[in-house]
Amino acid sequence: MSEMKKTAITLNVNNETHDIIAYPNKTLLEALRDDLRLTGTKESCGEGVCGSCTVLLDGAPVRSCLTLAVAVQGKKITTIEGLRVGEKLHPVQEAFVNHHAIQCGFCSPGMILTAYALLKENPTPTETEIRRAISGNICRCTGYAKIVEAIKSLAEEGK
Amino acid sequence: MRLPPFQFLEPTNVEEALSMMNARKETLKIMAGGTDLLNRMRFRLIEPAFVMNIGKLRDVDGIDIGENETVIGTNTKLKDIARSPLINNKFRAIAEAAFEAASPAVTNMATIGGNILQDTRCLYYNQSGMVLNGLERCHKRGGTICLAVKGGKRCFSVCQSDMAPALIAFDAKCVLQKKGSTRTVALTELFTGNGVTPFAIGADELLTKIIIPQPKNGVGSAYRKLRLRGSVDYPLASAAAFVSVTKDGEVNACRVVLGSAGASPRVIDGRSCETHLESIAQKAYDSAEGIDNLQMPGAYRRKMAGVLAKRAIKAAMDRLKEGM
């Protein structure tokens, strides 16, 4: 077994700089939840399939369970906690609430961040584009119809 | 599940990376996107002493489309390949393979080099320690038996790359660099066909570039894939087709490359007469290994190799007619 040393890791999360001391085998998901207490990011499958742990890395959705914290220093990380505008929910979050696109809520942080990234890049996606964008985010309550509706409502508004 | 311990290395240029690899050889594993490597480490299938992140090597990132060849850096993300208008226009099967490889959040991370060099998979190998502890050691785990094929004298684990079949269809080459030397080999030569050690690449060699020659005259290509869930799964069977025509519009090459049909991609090379779909489908069926070691029955996967070969050729021919 190799000798592993703790190292100082600087993460830019939701426009705030955080310094943690951790072993290099710590995933970004573990750093967010265990060190920064940002528990909005969820762990489900833990192997990159389900999308619960989705965060944005320089604006693009990635799996935080398949990302080493030490490897994303210098990048801009956005979690679900970083989406709200002051005390108000972000329009994407509001749309999910208004369209009852949340059942158990476990997939919602990843789903909302994925939708946010899609709308940022393409403000008026088609239903096919929406379904493709969220195809890696699995909802075990199978509430996809409402989720697609919520994202579509924003697409129509061009928000 | 936590990752095993390792020391982390992060070179900023290729030279530095090659020195690190030269000094550490087999004890070092390369992390490109990390989407495959970290899961293998999590399952304790590999426990490298050193993990070298090549994500910061900017000199091997990007697509360079030239007159005679197109060069794709090993670090290029699958998403960038899938979205490149030029790759879509000239090498459609390659763009389709990158698009089909995984869900968007994974293709945002995964790279072309990592996809080509991902280890083979098998239901009796890609499991957590808890499952593996209850199984006898197979060839891939240093044992002498195969759990997928009773009495199997070799490892039948399966190549899971989406990019390799599509690139091989276009006769792609790859550049392998090590400290002090560089060699360029056909992509097919990178695969050994042996499930235990599927790649003919030294522990100190880094795949830096993929070179795709510019096809002469008209070309049509397509990639088709079978998987359990449309967005997230590895291929259970796949086929990349490449059809080219002479100046007079006569088909002069028709190639199908099968993925998930064995430990390496299987090439079925043909000429104009073999654009006959049924004969290619039969050859694909004959060439594919139908082993019960992925999520669907081997016999079905083998049949689908033939079906996908047919569908890919058909799509490639249609595109050729449309002038794509």
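Could you work out the percent of alpha carbon pairs in the protein assembly as shown separated by over 46 Å, rounded to a whole number?
Working: 11233 of 116403 pairs.
Beyond 46 Å sits 10 percent of the P(r) for the protein assembly as shown.
When you filter the trypsin sites (Lys or Arg not before Pro) in the stretch B:1-79 for DSSP loop state and at most 13 other Cβ atoms inside 10 Å of their Cβ, you are left with B:2, B:44. A 1.4 Å probe, protein heavy atoms only, puts the accessible area of residue B:201 near 50 Å².
Let me know the charge dipole size of chain B about its Cα centre in debye, to the nearest 20, where only the beta-carbon of Lys, Arg (+1) and Asp, Glu (-1) is charged. Walk me through the intermediate numbers first.
Values: 44 positive and 32 negative charges, 170 e Å.
Charge dipole of chain B: 820 debye, to the nearest 20.
Let's see if you can work this out: charge +1 on each Lys and Arg Cβ, -1 on each Asp and Glu Cβ, no other charges. What is the dipole magnitude of the stretch A:17-81 about its Cα centre, in debye to the nearest 20? Numbers along the way, then the final one.
On the way: 7 positive and 8 negative charges, 21 e Å.
Here the size comes out at about 100 debye.
Charge tally around residue B:289: other residues with Cβ under 13 Å, Lys/Arg +1 each, Asp/Glu -1 each, net +3. What whole-number distance in Å separates the alpha-carbon centres of the stretch B:132-165 and the stretch A:63-108? If you average the Cα positions of each part, the centres end up 40 Å apart. Using equal-weight Cα scatterers in the Debye expression, the normalised intensity of the stretch A:91-157 in log10 at q = 0.16, 0.17, 0.19, 0.24 Å⁻¹ is -0.41, -0.47, -0.60, -1.00. According to the calculation over all Cα-Cα pairs in the stretch B:1-80, the P(r) per 5 Å bin from zero is 3, 15, 22, 20, 17, 12, 6, 3, 1, 0 %. The Cβ shell under 15 Å around residue B:133 holds other residues with a net charge of +2, Lys and Arg each +1, Asp and Glu each -1.
Whole number please: convex hull volume per residue of the Cα set in chain B, in Å³?
About 127 Å³ per residue, rounded to a whole number.
Computed over the stretch B:126-229, the alpha-carbon pair-distance distribution with 10 angstrom bins reads 12, 31, 30, 22, 5, 1, each value a whole percent.
Where the eigenvalues come from the Cα gyration tensor of the stretch B:19-136, what are the semi-axes √(5λ) of the equivalent ellipsoid, largest first, in whole Å?
On the way: eigenvalues 179, 71, 23 Å².
Gyration-tensor ellipsoid for the stretch B:19-136: 30, 19, 11 Å.
For n ≥ 4 DSSP H runs only, could you compute -39500 (n - 2.57) per run for chain B, divide by its residues and tell me the 222 nm figure to the nearest 500? Provide the component values of the computation, followed by the final result.
Numbers: 11 runs with 94 residues, N = 324.
When only DSSP H runs of four or more count, the value is -8000 deg cm²/dmol.
The overall shape of the stretch B:156-308, judged from the alpha-carbon gyration tensor, is oblate: a/c is not under 1.5, and a/b is no greater than b/c.
Restricting to Cα pairs below 8 Å that are 6+ residues apart, what does the relative contact order work out to for the stretch B:45-189? Please round to a whole percent. Write down the numbers at each step before the final one.
Numbers: 184 pairs, mean separation 23.7, N = 145.
Computed value for the stretch B:45-189: 16 percent relative contact order.
Give the calculated FRET efficiency between residue B:295 and residue A:7 to the nearest 0.05, with a Förster radius of 30 Å applied to their Cβ-Cβ distance.
Working: r = 38 Å, r/R0 = 1.28.
With a Förster radius of 30 Å, E is 0.20.
With the charge dipole of the stretch A:91-157 set up from +1 on Lys and Arg Cβ and -1 on Asp and Glu Cβ about the Cα centre, the Cα lying farthest toward the positive end among the listed residues A:145, A:118, A:93 is that of A:145.
Stick to the Cα atoms of the stretch A:27-159, pair each with every other, and give me the Kirkwood hydrodynamic radius in Å at one decimal. Mind dumping the intermediate values first?
Details: mean 1/r = 0.0679 Å⁻¹.
When all Cα pairs of the stretch A:27-159 are included, the Kirkwood radius is 14.7 Å.
Summary value for chain A: 23 percent relative contact order, contacts being C-alpha pairs under 8 angstrom separated by 6+ residues.
Taking label positions 7 Å along the Cα-Cβ direction at both residue B:135 and residue A:156, the computed distance is 5.0 nm, reported to one decimal.
Each Lys and Arg Cβ is given +1 and each Asp and Glu Cβ -1; about its Cα centre, the stretch A:91-157 then shows a dipole of about 280 debye.
Its alpha carbons considered, the stretch B:74-175 gives a radius of gyration followed by a Dmax of 16.9, 50 Å. With a 10 Å cut-off around each Cβ of B:105-114, the average count of Cβ atoms from other chains is 5.
Calculate the translational D of the stretch A:7-82 in whole µm² s⁻¹ from Stokes-Einstein, where the hydrodynamic radius comes from the Kirkwood formula applied to all Cα pairs, the temperature is 10 °C and the viscosity 1.306 mPa s. Before the final figure, lay out the partial values.
On the way: Rh = 12.0 Å.
Rounded to a whole number, D works out at 133 µm²/s.
Mean sequence separation of contacting Cα pairs (under 8 Å, at least six apart), scaled by the length of chain B, corresponds to a relative contact order of 16 percent. Rg and Dmax, both from the Cα atoms of the stretch B:219-304 and both in Å, are 13.9, 45.
When only DSSP loop residues count, what GluC sites (Glu not before Pro) in the stretch A:54-125 have their Cβ near at most 15 other Cβ atoms within 10 Å? Please list the in-between numbers first.
Details: sites: A:81, A:87, A:94, A:121; in loops: A:87.
For GluC sites (Glu not before Pro) across the stretch A:54-125 that sit outside H, G, I, E and B with at most 15 neighbouring Cβ atoms in 10 Å, the list reads A:87.
Report, for chain A, the % of DSSP beta bridges that are antiparallel, rounded to 5. Provide the component values of the computation, followed by the final result.
Numbers: 15 of 17 bridges.
The antiparallel proportion sits near 90 percent.
Convex hull volume of the C-alpha atoms in the stretch B:60-114, normalised per residue: 65 Å³. Take residue B:80: with every protein chain present and a 1.4 Å probe, its accessible area is about 70 Å². Within the same chain, lysines fewer than 8 places from residue A:75 are excluded, and of the rest, those with a Cα less than 21 Å from its Cα are A:6, A:26, A:42, A:120, B:56, B:77, B:79.
Accessible area per residue (1.4 Å probe, heavy atoms of protein chains only) ranks B:307, A:97 as A:97, B:307, with the largest value leading. Between residue B:86 and residue B:26, the simple label model (points 7 Å from Cα in the Cβ direction) yields a spacing of 4.1 nm.
The values are calculated or read from the model by the stated rules, or taken from the named source; none is laboratory data. Here the structure is a predicted model, which means the values were calculated and not measured. Reconstructed Cβ throughout: ideal geometry from the backbone, glycine too, with neighbour counts over all protein chains shown. In case anyone asks, the SASA skips ligands and DNA or RNA and just uses the protein heavy atoms, side chains included. Shrake-Rupley method; radii C 1.70, N 1.55, O 1.52, S 1.80 Å.
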